[in-house]
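**Student:** Can you keep this structure in mind? I'll have questions shortly.
The values are calculated or read from the model by the stated rules, or taken from the named source; none is laboratory data. The structure displayed is predicted, hence computed values, not measured ones. Positions of Cβ are generated from backbone atoms using ideal geometry, with glycine treated the same way; all protein chains shown enter the neighbour counts. These area figures cover heavy atoms from the full protein model, side chains too; ligands, DNA and RNA do not enter into them. Shrake-Rupley method; radii C 1.70, N 1.55, O 1.52, S 1.80 Å.
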Amino acid sequence: MRVLYLLNVSNSSQLSADSGYTFADLLAPALTDAGAEVTVASPVPVGDPRVHFAPTTSPFTKYRARFDPGIDALTTLMRERQPEVVVANQIEAAPAIRAALLEAGVDALIAGYCHYLPFSFTDTGALELDPAMDDRGLGRSVLLAFAAGLAACDRILVHSSTAASWTTAAAARTGVDLGDKLHIVPAPRDVRLVRDPDGILPPQGRAIGLYNHRLYAHYGTARFTQLARRLIAAGPVRLTVMDLFGTRSPERVRLDPSPEQHLEELAATDGVTIASDRGDRIRYRNLLADAHFGIAPFRPGCPWSMSVIDCQAMGLPVIGPRTGWLAEHIDNELLFDTDEQAVRITQRLATEPEFYLMHAKRAFASTADLTPEAVAARYLEAVR
């Protein structure tokens, strides 16, 4: 099977902060091991030399990635690579991919992978547009482009049951019948970030929590900052916050300055340490190993989080708000609705060794089916 994997890298200078790239870097070699001939079309190659590379230009903005996929370049790519399966990691690009296949005279299946949903649903079933995709009111157009992409795909892959439910509901509201196209294929865990929980020691009366998510406002960073102060004041907790972006380009800062603003506020908070892995996975592993628990993002439309999986694969319990995929995936005893509940959970993790070790083992076990080999098998089964 010849697989052409179209990958939009949003931040090629900070690949460790790009979950889509990490996903491809883990999955493409596993697909190759399973017998597929894989070409990754991307601004940067994945690490395994067995995976073919077709260099592409990264879109200048997140909106160009959705509205200007470049049919000329896609058509040339289809003619050159003659794929049997095209993976569209930007769902909105699927109609352009279909048009390019037609123009190139190539008959290939289009599999759309929903790494990101530009919407979410409330507990009452109300559809909410993601504010990250709603600058100057563009959110509704992005939603419709997403729906058009769903209609153009032969297969639609999502990370979780939550994502499947939301995608199905959004498709129905925009007049798209998904039929039997939808498949749940979770993301693989990083083989470099796996630690046997049997060797983990519980905190000795004080715990370090790790928050490793993008500091955009729409990720709920203000809500996290509020909680951070409560956790530190209640003790015995200290927090490490990852700076995933470093110095961003002026264009990105102009579009959304919230990461810099939140980082400055967190850096000035007593009990919070700002850290960076500087793109080094070994340094990242060491930062995880130095922590005792992880904190999930407060993003309402969270259908999946690689950072949560990273923590759990290292045997770190993850606490999180009872929302979206987090409520589906995280152990119920570690979910909270209020700051007071979160404080009680972290105090138990810090001071009750049996409670901590039980949840360390549960966290690790929750990633047992996420090896790249297992995920690649599910991926290939979905696109056949």
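**Student:** So P69 clears everything in (1) open to solvent by 20 Å² or more (accessible area, probe 1.4 Å); (2) part of a helix (DSSP H, G or I); (3) of a type outside the set (G, A, S) except one condition, right? Which one?
**Tutor:** Single failed check for P69: (2).
**Student:** Go through (1) without any contact (Cβ under 8 Å) to a residue 40 or more places away in the chain; (2) part of a loop (DSSP other than H, G, I, E, B); (3) in contact with a helix residue (DSSP H, G or I) (Cβ under 7 Å, 6 or more places away or on another chain) and name the single condition P188 misses.
**Tutor:** Exception for P188: condition (1).
**Student:** Looking at segment 328-337, which of its residues are without any contact (Cβ under 8 Å) to a residue 40 or more places away in the chain, farther than 10 Å from A363 by Cα and of a type outside the set (F, W, Y)? So that I can check it myself, show each step before the final result.
**Tutor:** In the first step, residues of segment 328-337 are kept if they are without any contact (Cβ under 8 Å) to a residue 40 or more places away in the chain; the result is 330-337.
Applying the additional criterion that residues be farther than 10 Å from A363 by Cα yields 332-337.
Matches in segment 328-337: N332, E333, L334, L335, D337.
**Student:** Moving to a separate point now. Of the residues in segment 289-315, how many are open to solvent by less than 10 Å² (accessible area, probe 1.4 Å), closer than 18 Å to R195 by Cα, touching a Lys or Arg at 6+ places or on another chain (Cβ under 9 Å) and part of a loop (DSSP other than H, G, I, E, B)?
**Tutor:** Count: 2.
**Student:** Filter segment 278-288 down to the residues that are open to solvent by less than 20 Å² (accessible area, probe 1.4 Å) and closer than 18 Å to F23 by Cα and list them by number.
**Tutor:** The first filter runs over segment 278-288 and keeps only residues open to solvent by less than 20 Å² (accessible area, probe 1.4 Å), leaving 284, 288.
Of everything in segment 278-288, just one residue is open to solvent by less than 20 Å² (accessible area, probe 1.4 Å) and closer than 18 Å to F23 by Cα, namely Y284.
**Student:** Any chance you could count how many residues in segment 205-238 are out of contact with any Lys or Arg (no Cβ under 6 Å at 6 or more places or on another chain), closer than 20 Å to A350 by Cα, touching a residue at least 40 places away in the same chain (Cβ under 8 Å) and hydrophobic (A, V, I, L, M, F, W, C)?
**Tutor:** Here the count works out to 9.
**Student:** Collect the residues in segment 159-182 that are open to solvent by less than 60 Å² (accessible area, probe 1.4 Å) and within 19 Å of the chain's Cα centre (by Cα), keeping them in residue-number order.
**Tutor:** Keep residues of segment 159-182 that are open to solvent by less than 60 Å² (accessible area, probe 1.4 Å), which gives 159-160, 162-164, 166-167, 169-171, 174, 176, 178, 181-182.
Hits for segment 159-182 are H159, S160, T162, A163, A164, W166, T167, L182.
**Student:** Going by the conditions given, is L370 more than 17 Å from V237 (Cβ to Cβ) and either over 17 Å from the mean Cα position of the chain (by Cα) or assigned to a helix (DSSP H, G or I) (or both)? Working first, answer last.
**Tutor:** Details: more than 17 Å from V237 (Cβ to Cβ): yes; either over 17 Å from the mean Cα position of the chain (by Cα) or assigned to a helix (DSSP H, G or I) (or both): no.
Considered against the rule, which asks whether it is more than 17 Å from V237 (Cβ to Cβ) and either over 17 Å from the mean Cα position of the chain (by Cα) or assigned to a helix (DSSP H, G or I) (or both), L370 comes out as no.
**Student:** A further question on this structure: If you scan segment 224-240, which residues turn out to be out of contact with any strand residue (DSSP E or B) (no Cβ under 8 Å at 6 or more places or on another chain) and either of a type in the set (D, E) or open to solvent by 10 Å² or more (accessible area, probe 1.4 Å) (or both)?
**Tutor:** Answer for segment 224-240, where residues must be out of contact with any strand residue (DSSP E or B) (no Cβ under 8 Å at 6 or more places or on another chain) and either of a type in the set (D, E) or open to solvent by 10 Å² or more (accessible area, probe 1.4 Å) (or both): Q226, R229, R230, A233, A234, G235.
**Student:** Checking G209 against (1) under 21 Å from Q341 (Cα atoms); (2) of a type outside the set (F, W, Y); (3) over 21 Å from the mean Cα position of the chain (by Cα); (4) open to solvent by less than 30 Å² (accessible area, probe 1.4 Å), only one condition comes out false. Which one?
**Tutor:** (3)
**Student:** Exactly one of these conditions fails for A88: (1) in contact (Cβ under 8 Å) with a residue 12 or more places away in the chain; (2) open to solvent by 20 Å² or more (accessible area, probe 1.4 Å). Give me its number.
**Tutor:** So the condition that A88 fails would be (2).
**Student:** Another question, if that's okay. Tell me, yes or no, whether segment 241-259 has at least one residue that is open to solvent by less than 50 Å² (accessible area, probe 1.4 Å), in a loop (DSSP other than H, G, I, E, B), free of Cβ contacts under 8 Å to residues at least 40 places away in the same chain and in contact with a strand residue (DSSP E or B) (Cβ under 9 Å, 6 or more places away or on another chain).
**Tutor:** Among the residues of segment 241-259, at least one is open to solvent by less than 50 Å² (accessible area, probe 1.4 Å), in a loop (DSSP other than H, G, I, E, B), free of Cβ contacts under 8 Å to residues at least 40 places away in the same chain and in contact with a strand residue (DSSP E or B) (Cβ under 9 Å, 6 or more places away or on another chain), which makes the answer yes.
**Student:** Hey, among the residues in segment 261-277 that are among the charged types (D, E, K, R) and in contact (Cβ under 8 Å) with a residue 24 or more places away in the chain, which one's most open to solvent (accessible area, probe 1.4 Å)?
**Tutor:** First, pick out the residues of segment 261-277 that are among the charged types (D, E, K, R): 264-265, 270, 277.
Now drop any that are not in contact (Cβ under 8 Å) with a residue 24 or more places away in the chain, which leaves 265, 270, 277.
Details: E265: 75, D270: 132, D277: 11 Å².
If we take residues in segment 261-277 being among the charged types (D, E, K, R) and in contact (Cβ under 8 Å) with a residue 24 or more places away in the chain, then D270 is most open to solvent (accessible area, probe 1.4 Å).
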